[in-house]
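Below: the structure, in structure tokens.
The values are calculated or read from the model by the stated rules, or taken from the named source; none is laboratory data. Nothing here was measured: the structure is a model prediction, and the numbers come from that model. So basically every Cβ, Gly included, is an ideal-geometry build from the backbone, and we count neighbours across all protein chains shown.
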Amino acid sequence: GARGRGPRKPVDTQKFYDILGVEKGSDPDVIRKAYRKLAVKMHPDKGGDPEKFKEVQRAYDVLGDSKKRDIYDQYGEEGLEGGGDPGGGGDIFDVLSGRGRGGGRRSGVKKGENMVHPLKVTLEQIMKGSSRTLRLTRKIIDQKKGVEQCQECGGRGAKIQTIRMGPMIQQVQKACDTCSGTGVVYRQQKVQETLEVHIPKGAPDQHKLHFSEKADEIPDGEAGDVVFVVQEQPHAEFKRKGDDLFISRDISLAEALCGFKMEIDHLDGRKLIIKSKPGDVIKPVPYNPFSEEEENTDWVVFDDADVPSLENAAVAETDDMKVCKKACEKGQLKGKGIGCFVQKGGKTVFKQCSHAEAMAAKTVSRGSKLFVIGDPNASAGMRMMKAVEGEGLPRLKSPFEHGNLFIIFKITFPDSIDSTIAANLLKLLPPPLHHVTASEDDEDVDVVELSDIDPVKSYKDNLPEQTEDDDEEGGGGGQRVQCAQQ
């Protein structure tokens with residue numbers, strides 16, 4: 001076999017991981033997502049190099065199958081019997097919809113239950129990477145006694161119980177009490193395992209670290225895995241979004257207009273001295289990067305239009321616009337690169353593309369309705385924030401690259417200002433935007449001043465008093481609308 005004739009020279013067990021851009025030890029979900037992303041990018045139908053596409057498929061054909069992956073990790077590509085079919089990676093959209101192989105357990109081999117443990121990690125540890133030595137207790141099979149066939153049930157795992165009911169006899173099959181239905185008996189013993197857990201730089205929240213076959217042993221298959229799930233802990237100052245970091249800082253109006261220098265203690269222990277550019281004015285930014293509204297996607301609708309030249313990613317037996325939008329924004333198609341969908345005849349066809357690709361492929365098609373995702377650059381001006389480039393978290397797959405550090409500036413305005421200073425400021429600042437043309441002495445003109453008022457209190461103070469008649473009328477009057485469940 002391939003294992004018996006392992007090559008004497010050093011074997012390359014890294015190539016396929018490099019092709020997919022993942023680290024050794026990555027869990028199957030990470031490998032599948034990496035393949036999906038590269039396959040979309042390099043697909044020959046989208047102008048990709050066919051040879052590169054075959055390399056990606058070959059890499060996934062091996063790393064996406066746990067048995068082949070085990071052999072490859074020990075003996076490299078030469079250790080794989082038969083070599084595998086480069087074209088056997090499955091259809092790309094099978095992978096997208098979760099129907100691909102996905103790197104599951106070995107075919108025909110039973111797998112024990114995984115032991116899953118949360119692993120609390122700080123942003124500092126994610127920034128620098130860290131290691132922990134953890135001990136856990138697991139059950140292993142006593143090899144001295146071994147695994148024996150259950151004598152009580154003869155290895156069937158069940159016993160036949162005869163029940164007499166008057167003249168009738170009923171036979172009932174029940175699980176064997178001696179072997180708990182397994183058909184074998186064995187003795188377990190508890191042992192302690194010491195694991196060196198490495199938290200990689202840039203690990204995202206819920207990132208999984210697998211230790212293969214380190215859970216409890218089972219008599220008729222492989223032991224389960226020990227899985228540590230990264231739980232990112234909130235930070236007092238920094239907030240995270242992907243590989244980007246966000247921090248809030250108050251600055252005075254003078255600093256916003258005239259410039260500033262400030263210090264920030266970074267997560268890796270360095271001090272950053274941040275300077276504004278000469279002549280740059282800091283303005284309030286209405287965009288909130290952590291608002292849920294950001295998830296809402298703008299769509300442009302075209303009647304009698306289609307994009308037949310773009311490849312289908314998925315098909316839905318519905319033309320409910322809201323359902324289809326939700327599937328792209330928050331449902332099963334989120335993150336799948338859907339750039340548009342077409343509805344016709346009660347069906348919806350989803351396409352993988354960018355806004356520009358959809359607009360370029362748009363053609364006339366009577367009776368079709370085309371929904372194209374909004375141009376992501378259209379509202380970019382409203383989202384522009386001050387940032388220090390490359391001072392965010394390391395990227396998990398490329399730790400020498402970093403995200404950005406965004407600073408949310410909150411401008412502190414003075415409570416009041418001397419009239420003389422205000423007059424001097426007016427000479428230095430750009431002219432006012434508002435000018436009064438009416439005369440304050442006119443009969444139909446009132447001169448009013450601004451005050452500080454709480455709008456919530458104002459609303460509550462102006463609510464009408466509720467009467468008994470209001471209670472009675474509010475109970476059951478008027479028509480009631482009932483929503484049909486879809």
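Brief remarks on what is shown
- Note on region 299-320: residues that are under 14 Å from V349 (Cβ atoms), of a type outside the set (D, E) and within 27 Å of the chain's Cα centre (by Cα) total 7.
- Criterion violated by V301 - all others in (1) in the same structural domain as K336 (by TED's automatic domain parsing); (2) part of a strand (DSSP E or B); (3) surrounded by 13 or more Cβ atoms within 10 Å (Cβ to Cβ) satisfied: (3)
- The requirement of being surrounded by 13 or more Cβ atoms within 10 Å (Cβ to Cβ) and either touching a Phe, Trp or Tyr at 6+ places or on another chain (Cβ under 6 Å) or modelled with pLDDT of 85 or more (or both) is not satisfied by L96.
- Test: residue in region 264-276 that is surrounded by fewer than 17 Cβ atoms within 10 Å (Cβ to Cβ), within 20 Å of the chain's Cα centre (by Cα), in a loop (DSSP other than H, G, I, E, B) and touching a residue at least 12 places away in the same chain (Cβ under 8 Å): no
For (1) of a type in the set (A, V, I, L, M); (2) out of contact with any Gly (no Cβ under 6 Å at 6 or more places or on another chain), each residue gets a yes or a no:
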| residue | (1), (2) |
| --- | --- |
| K241 | no, yes |
| D244 | no, no |
| R249 | no, yes |
| A254 | yes, yes |
| E263 | no, yes |
| K271 | no, yes |
| P289 | no, yes |
| D303 | no, yes |
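- Residue ID - nearest to the chain's Cα centre (by Cα), chosen from residues in region 161-192 that are among the basic types (K, R), in a strand (DSSP E or B) and at pLDDT 80 or above: K190
- K347 being among the basic types (K, R), exposed (fewer than 11 other Cβ atoms within 10 Å of the Cβ) and at pLDDT 90 or above: no
- Which numbered condition I407 misses (of (1) of a type in the set (A, V, I, L, M, F, W, C); (2) surrounded by 16 or more Cβ atoms within 10 Å (Cβ to Cβ); (3) not in a strand (DSSP E or B)): (3)
- Only listed residue being more than 21 Å from the chain's Cα centre (by Cα) and under 30 Å from G129 (Cβ atoms), chosen from K347, K410, K386: K386
- Of the residues making up region 449-462, one or more are aliphatic (A, V, I, L, M), modelled with pLDDT of 75 or more and part of a loop (DSSP other than H, G, I, E, B).
- Test result for P284, under 30 Å from the mean Cα position of the chain (by Cα), assigned by TED's automatic domain parsing to the domain that holds D244 and surrounded by fewer than 11 Cβ atoms within 10 Å (Cβ to Cβ): yes
- Selected residue (only one of T178, T162, T182, T194 is of a type in the set (S, T, N, Q) and crowded, with 18+ Cβ neighbours inside 10 Å): T182
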